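To start, the structure itself, in structure tokens.
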Amino acid sequence: MGGVQKNDEKTTPLRANFAIVAPPSRELIDLECYEELLGQLASTTNGRVFRPDEADALESLLSAQTVRRVEHQAQPLWRWWVVLAALVALLSAEWIVRKVGGLP
């Protein structure tokens, strides 16, 4: 890397230019559509193959589907003061029992 070339008692640093080129993506090498394979995948997964000229059918099929939405609501513990008080009481009791028993 940092070599030095000696020419008749002259010292000059060596220099080189290089470039790193990534290989082409395997996905972009072969862009052919394998309709037979698509048909097999569709039949295995109970699906259907759509051609570009069938985009309207795909659009109507997708718009007719319903989307199920699940919502989760987090409830902070301090909203229920009774639960919070019980938790603090249990932790305090455990700490007192450990100290009375001589445990760390």
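We did not get these values from a lab; they are worked out from the coordinates using the rules stated. Quick caveat: nothing in here was measured; it's all calculated off a predicted structure. Backbone-built Cβ (ideal geometry, glycine too); neighbour counts: all protein chains shown.
Some notes on this structure:
- A Förster radius of 22 Å combined with the Cβ-Cβ distance from residue 55 to residue 33 puts the calculated FRET efficiency at roughly 0.90.
- Listed by number, the DSSP H helices of the chain that run 24 Å or longer by alpha-carbon position along their axis and have mean Kyte hydropathy of at least -1.0 are 81-100.
- Extension gain from residue 94 to residue 26, taking 0.36 nm per residue of separation minus the Cα-Cα distance: 18.3 nm
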